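Data block below; observations after.
Derivation of every value follows stated rules applied to the coordinates shown; laboratory data play no part. From a predicted model like this one, the values you see are computed outputs, not experimental measurements. With ideal geometry, Cβ positions are generated from the backbone for all residues, glycine too; neighbour counts draw on all protein chains shown.
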Amino acid sequence: MLSTRVIPCLDVHNGRTVKGINFVNLKDAGDPVEQAKKYSTLGADEICFLDISATNEKRKAMLTVISKTAEACFVPLTVGGGVKNIADFRDMLNSGADKVSINSSAVYNPRLINESSDKFGNQCVVLAIDAVENKIMPSGYEVTTHGGRKKTNIDVLKWAKKGVKNGAGEILLTSMNSDGTKQGYNLKLTKLISENVSVPVIASGGAGHPNDMVKVVLEAGASAVLAASVFHYGIHSIYSVKREMLRNGISIRDCENKNE
Amino acid sequence: MNLVIIDYGSGNLRSVENAFKNSIRTNNLKVTVKVTNSLNIISKADYLVLPGVGSFPDCKKGLQKIDGLIDLLTNQVIYKRKKFLGICVGMQLMVNSSLEKQNTLGFGWLNGKFKKIKTNGLDYLGREYKIPHMGWNNLQIKDKNHPLLKNITENEQYYFVHSYGLENYEQDQIKAYTNYSVNIPAIIGKENYVGVQFHPEKSGNSGQKFIYNWLKWLP
């Protein structure tokens, strides 16, 4: 049976893992390569890196992080942040990424979805959508860019459908309202998108407890769950999340209960 | 022994190389790994690996761009009986044809045709099946005594990502299926050549077991 994937995400800045709220007051939180290895050993079904470096120069550090991780971690690796064109896409894939997530650049240049999926296949194009609640929008949610700071006047459901039609193989859906709250994923938003697109939807933003993962799968149809801080700070382990999922009848890939 | 991973511009060569090198290193095997599109080096290889991500027609085009490569592969694998592994689209290319985007011919080493996966009904959680079939799934092992499946159980999972599945195949060419609403061939092969729909290079320890079995396999 196909397992629901549990995906830890690491924010990377100038080649180092960082922690901070809404990308401010960043604190160094270690070596992303070592952390990815650890997550992989602990049962992560995929690893996600989000590069939040501000300049192209610093982004080169990300390619080194990807290639070192790919040498040691034999699980799928998704990388996003600052991917503007086909050349950036190729750099990431050649370094060892399996999937590339695109966000702002797809909003400003929707052709990038077509071009990248034509060139590299739908399976490696992940459309990342940062959604905020906005009652004026037909679906009730608006697409934002730049970590939720810039509004776009684009409806989230319409954008998700367009992205899939243009070739996205997966959607990474973040509720900016829930992000960082640890109060649970946005079930309404996740359900709306997962029920209306044909590709898998990764739920993101708001995970605070293994039960949040269970809920977003059972009640909102997520194919995968992504979380950053709950795993990073050791509040909950991948094992405890999977155990809770299994107890609730969700198929998972087995992992051992190792001490972190 | 020397192993060649065939570079025809398709995707995740680095991951495949890393995973094979890791297996070779951890098991102290005497195998060297080269990633190349040189016909000369390919013709001298002992083992051949053909990766593939993206669409079937694009991968076929990529192979055709290297003059003489497809004929050389058939010569090396079918006539010289070199050990061969096709991964994902590399596996799909081993059969007669695929209907992805348009009807495109494969190498025709095995019978069958790739068609869009037709799921029916709802999954165990009452949801529509998503396409691509993406994520970790179990094998249903058909050929239990095959050396490639040594120490691999049906409880283990492998990483799949594909929208097309093999149909019109011959039963005895199927070593294992996976189930996603329907049974989809996951390991196919005959004599010295085998193809896997999943990505062993991305399937953690279970993938490493398969790669080790393949490296040790004496067809």
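Measuring between their Cα centroids, segment A:40-95 and segment B:97-162 lie 27 Å from each other.
Could you compute the FRET efficiency for residue B:183 and residue A:240, with r as their C-beta to C-beta distance and R0 at 41 Å, rounded to 0.05? So the FRET efficiency works out to roughly 0.75.
For segment A:5-247, what does the alpha-carbon gyration tensor say about shape, rounded, prolate or oblate, given a ≥ b ≥ c as the root eigenvalues, a/c under 1.5 as rounded, and a/b over b/c as prolate? Don't skip to the answer; put the middle values down first.
On the way: a/c = 1.40, a/b = 1.06, b/c = 1.32.
Note, shape of segment A:5-247 comes out rounded.
Backbone phi angles across segment A:223-238, fed through the Karplus curve with coefficients 6.51, -1.76 and 1.60 (θ = phi - 60°), yield HN-Hα couplings of 8, 8, 10, 10, 8, 10, 5, 4, 7, 4, 8, x, 5, 9, 9, 4 Hz in residue order; Gly and Pro are listed as x.
Counting Lys and Arg as +1 and Asp and Glu as -1, each charge on the Cβ, what is the dipole of segment A:5-247 about the Cα centre in debye, to the nearest 20?
Using only the charged Cβ atoms, the result is roughly 260 debye.
The value of relative contact order for segment A:67-125, using C-alpha pairs under 8 Å at least six residues apart, is 33 percent. Extent of the protein assembly as shown along its three principal axes (Cα atoms, max minus min coordinate, largest first): 65, 48, 45 Å. Distance between the 7 Å Cα→Cβ label points at residue B:37 and residue A:26: 3.7 nm.
Using a cutoff of 8 angstrom between alpha carbon atoms and counting only pairs six or more residues apart, the relative contact order for segment A:5-247 works out to 15 percent.
The protection proxy used here, the mean number of other Cβ atoms lying within 10 Å of each residue, ranks peptides A:58-69, B:111-122, A:220-231 as follows, highest first: A:220-231, A:58-69, B:111-122.
Here's how it looks for residue A:186: its modeled amide H is under 5 Å from those of A:175, which are all 5 or more places away or on a different chain. Inter-chain Cβ neighbour count for A:115-123, averaged per residue, equals 5 (cutoff 10 Å, partner chain atoms only). Given the options B:92, B:173, B:197, which has the most mean-square fluctuation in a GNM of chain B, springs set between C-alpha atoms less than 10 angstrom apart? In this elastic network of chain B, the residue with the biggest mean-square fluctuation among B:92, B:173, B:197 is B:173. Treating r as the C-beta distance of residue B:217 and residue A:135 and R0 as 56 Å, the FRET efficiency rounds to 0.35. Sequentially through segment B:131-144, phi angles give Karplus couplings (6.51, -1.76, 1.60; θ = phi - 60°) of 10, x, 6, 10, x, 8, 9, 7, 9, 10, 7, 9, 9, 4 Hz, Gly and Pro residues having no value and appearing as x. Under 5 Å from the amide H of residue B:35 lie the amide H atoms of B:5, each residue being 5 or more positions distant or on a separate chain, with H modelled from the backbone and absent for Pro and chain starts. Annotation: lysines with alpha-carbon distance below 19 angstrom to residue A:119 (same-chain offsets under eight excluded): A:84, A:99, A:162, A:165, B:60, B:61, B:65, B:101. Taking amide H as placed 1.01 Å from N in the peptide plane, residue A:51 has its amide H under 5 Å from the amide H of A:12, A:80, A:81, each at least 5 places away in sequence or on another chain. Of the residues A:154, A:76, A:178, the one whose Cα sits farthest towards the positive end of the charge dipole of segment A:74-190 is A:154 (charges of +1 on Lys and Arg Cβ, -1 on Asp and Glu Cβ, taken about the Cα centre). Comparing Cα centroids, segment A:182-228 and segment B:1-60 end up 37 angstrom apart. Helical content alone sets the calculated 222 nm signal of the protein assembly as shown at -8500 deg cm²/dmol, taking -39,500 (n - 2.57) per DSSP H segment of four or more residues and averaging over every residue.
With θ taken as phi - 60° and the Karplus curve 6.51 cos²θ - 1.76 cosθ + 1.60 applied, the whole-hertz 3J(HN,Hα) list for segment A:126-139 is 9, 8, 8, 10, 9, 9, 10, 5, 7, 5, 6, 6, x, 8 Hz, x standing for glycine and proline. Shielding of peptide A:2-9 by partners, expressed as the average count of other chain Cβ atoms within 10 Å per residue Cβ, is 4. What shape does chain B have by the C-alpha gyration tensor, where a ≥ b ≥ c are the square roots of the eigenvalues, rounded means a/c under 1.5, and otherwise prolate means a/b greater than b/c and oblate the rest? Here chain B falls in the oblate category.
Highest average first, the peptides A:186-196, B:72-82, A:2-12 ordered by how many other beta carbon atoms sit within 10 Å of their residues are A:2-12, A:186-196, B:72-82. Remark: mean inter-chain Cβ contacts per residue of A:58-71 equal 1, using a 10 Å Cβ-Cβ cutoff to other protein chain atoms.
Cα centroids of segment A:162-176 and segment A:113-132: 7 Å apart.
Applying 1/(1 + (r/R0)^6) with R0 = 56 Å to the Cβ-Cβ distance of residue A:257 and residue B:67 gives a FRET efficiency near 0.55.
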